1. Can you name every residue in region 168-185 that is touching a Pro at 6+ places or on another chain (Cβ under 8 Å) and surrounded by fewer than 20 Cβ atoms within 10 Å (Cβ to Cβ)?
2. Can you tell me which residues in region 100-120 are assigned to a loop (DSSP other than H, G, I, E, B) and either under 30 Å from residue 175 (Cβ atoms) or basic (Lys, Arg) (or both)?
3. Tell me, yes or no, whether region 186-197 has at least one residue that is open to solvent by 50 Å² or more (accessible area, probe 1.4 Å), more than 23 Å from residue 290 (Cα to Cα) and assigned to a loop (DSSP other than H, G, I, E, B).
4. Could you list all residues from region 131-167 that are open to solvent by 10 Å² or more (accessible area, probe 1.4 Å) and among the polar types (S, T, N, Q)?
5. What about residue 283, is it open to solvent by 10 Å² or more (accessible area, probe 1.4 Å), at pLDDT 95 or above and more than 20 Å from residue 247 (Cα to Cα)?
6. Residue check, residue 205 against (1) under 22 Å from the mean Cα position of the chain (by Cα); (2) buried (at least 18 other Cβ atoms within 10 Å of the Cβ); (3) more than 22 Å from residue 309 (Cβ to Cβ), all met but one. Which one?
7. Go through region 109-121 and give me each residue that's in contact with a helix residue (DSSP H, G or I) (Cβ under 8 Å, 6 or more places away or on another chain) and surrounded by 15 or more Cβ atoms within 10 Å (Cβ to Cβ).
8. Those residues that are surrounded by fewer than 20 Cβ atoms within 10 Å (Cβ to Cβ) and part of a helix (DSSP H, G or I), I need them from region 211-247; list them, please.
Amino acid sequence: MRRRRKNNKVHTVWMITVGILLSPAVASGVIKGLTGFEAAASMLSEIKVGERNIQELEKYSAEMLSYGFGWNEEVEDNITVSRDEGPVPYPEITQVRSGDVIRETYGWYSGNQYFDLEGAGQVRNCTDEPVNVLLAQSRLRPEFQIKLNSEPQVLIMHTHTTESFEPFERDYYDSSFSYRSSDESMNVVAIGATMKNQIEKYGISVIHDTTIHDYPSYEGSYERSAETVKKILSENPQIKVVLDIHRDAIESNGDLIAPVINVDGKNSAQVMIISGCDDGTMDMPDYLQNFRLASLFQQQFEADTPGITRPILFDYRNYNQGLTTGSLLIEVGSHGNSIDEVCYAGELIGNSIGKALQGLA
């Protein structure tokens, strides 16, 4: 049965999307409640994470949810992420240990929701859209063309601008830190800046907007960021691609989960592209155009840096992706990742985005 979303009106969310570690059956269990989860537990063995069977990760339990996903009005009960701690300086580093930071590499998945792209990478299809339709779309190039001149072609922005990270790689965290800060060297703005620098190496002009949309109120962030994007598009109608850069928030039993992969001896955060699907209520008729771009990026990311991605999340979500035919949300790491890990990921995917878009020139 198709799950329906109202455009920008998600008032009560029961954390319906489970972290990619979990199978579709477990996701169903989270939606239906604990009984459903218990009934689905026997199906956990379907999925592999790297070389380890998912059963080895049961210590993380059903709480290992992927909270980021850029929900319009998020419900963040019982996790460390504060909703309204925005423009504050990055706090002093303490020795307080509230729990562990566990680094995990999210690997390849099997199950009814997952399918492989022809070039590289995977998609998690949480919709009624047939896989053969999505595969056919993934083989098509976006219909727009990129111009290699001084006119901006890409907009990088942040709906949840104050989302921030651990100061450095460590195996513990301090729960008094809200993981939100206006310090642009420590929040998602730093990732956007790194991506802009890499993309522009390919002769593609980029606007990086750093407007804060999630303070003083977290709710309504998407309405505010939509106005920002509309204004920039009206002033720069030649922009083809809009990338909303976020970070995820993944926890388990009081521990933070940091998705990582080692690249050339350094830890990089793993990334996840989210491409929304319209169920008929979102005024997003060209959503498959966005999916084409997501597929292009996913395959380029994996071709350049194998293992850097989690599967594309294709789901009934909006995230202002009806504003262009090249709009995507990208989750870079989680709040357990260090700022160096996520900026390194921004460097790697920024390079891949530049390469992919240059191919559309």
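The values are calculated or read from the model by the stated rules, or taken from the named source; none is laboratory data. Keep in mind that this is a model prediction, so the values were computed, not measured. FYI the Cβ positions are ideal-geometry reconstructions off the backbone, even for glycines, and counts take in every protein chain you see. We work out accessible area using only protein heavy atoms, side chains counted, and drop any ligands, DNA or RNA first. Shrake-Rupley method; radii C 1.70, N 1.55, O 1.52, S 1.80 Å.
1. At the first step, the residues of region 168-185 found to be touching a Pro at 6+ places or on another chain (Cβ under 8 Å) are 176-177, 181-183.
Once the filter is applied, which keeps residues that are touching a Pro at 6+ places or on another chain (Cβ under 8 Å) and surrounded by fewer than 20 Cβ atoms within 10 Å (Cβ to Cβ), region 168-185 yields 176, 182, 183.
2. Taking region 100-120 and keeping what is assigned to a loop (DSSP other than H, G, I, E, B), we get 105-113, 117-120.
Matches in region 100-120: 105, 106, 107.
3. Checked region 186-197: no residue is open to solvent by 50 Å² or more (accessible area, probe 1.4 Å), more than 23 Å from residue 290 (Cα to Cα) and assigned to a loop (DSSP other than H, G, I, E, B).
4. Across region 131-167, the qualifying residues are 132, 137, 138, 145, 149, 150.
5. Numbers: open to solvent by 10 Å² or more (accessible area, probe 1.4 Å): yes; at pLDDT 95 or above: no; more than 20 Å from residue 247 (Cα to Cα): yes.
So residue 283 does not fit the description; no.
6. The one condition residue 205 does not meet is (1).
7. Let us first name the residues in region 109-121 that are in contact with a helix residue (DSSP H, G or I) (Cβ under 8 Å, 6 or more places away or on another chain), namely 110-113, 115, 117-121.
Residues satisfying the conditions are 111, 113, 115, 117, 120, 121.
8. 223, 224, 226, 227, 228, 230, 231, 232, 233, 234, 235
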